[in-house]
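Some notes on the structure that comes next.
The values are calculated or read from the model by the stated rules, or taken from the named source; none is laboratory data. It should be emphasised that the depicted structure is a prediction, and the values quoted were computed from it without experimental measurement. Methodologically, a virtual Cβ is constructed for each residue, glycine included, from the backbone with ideal geometry; neighbour enumeration extends over all protein chains shown.
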Amino acid sequence: MADFKKRLSQNVDGEFFVDSTCVNCDTCRQLAPATFGDTGDYAYVRAQPVTEVEAAECSSGAVVLPGHGQRMRLSSALRSATSRR
Ligand code: SF4
């Protein structure tokens, strides 16, 4: 699991962030392009997910890549989205 102490400074404030263990595999940017950007060396959260679709895209990334560079703290938006399934 990602470490808040290794959180990249490029992330916007919020529940989701990428830490320095990111291997820049590009998966999160492909799954959630509105949320994740590219620093050149790492992914970073450029915008926190707002819509249920964006939150679900981030959740899919967490399932695909457990234990990778993203920290997936469940935000209220994500809990709301997942509780309706
Ligand atoms: S945060 Fe995770 S999914 Fe995104 S580029 Fe880094 S390792 Fe890949």
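Structure above, values below:
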{"quantity": "Cβ-Cβ under 6 Å pairs, at least 6 apart or on other chains, segment 12-35 side in contact (Cβ under 8 Å) with a residue 24 or more places away in the chain and farther than 17 Å from Val53 by Cβ, far side part of a helix (DSSP H, G or I) and more than 6 Å from the ligand (Cβ to nearest atom)", "calculated": "Asp19/Lys6; Ser20/Lys6"}
{"quantity": "Candidate set from segment 1-33 (those that are among the aliphatic types (A, V, I, L, M) and at pLDDT below 90); member that is farthest from Cys58 (Cα to Cα)", "calculated": "Val23"}
{"quantity": "Residues being charged (D, E, K, R) and either more than 13 Å from the ligand (Cβ to nearest atom) or under 11 Å from the mean Cα position of the chain (by Cα) (or both) - total across segment 4-59", "calculated": "9"}
{"quantity": "Residue in segment 45-54 that is at pLDDT below 80, surrounded by fewer than 16 Cβ atoms within 10 Å (Cβ to Cβ) and assigned to a loop (DSSP other than H, G, I, E, B) present", "calculated": "no"}
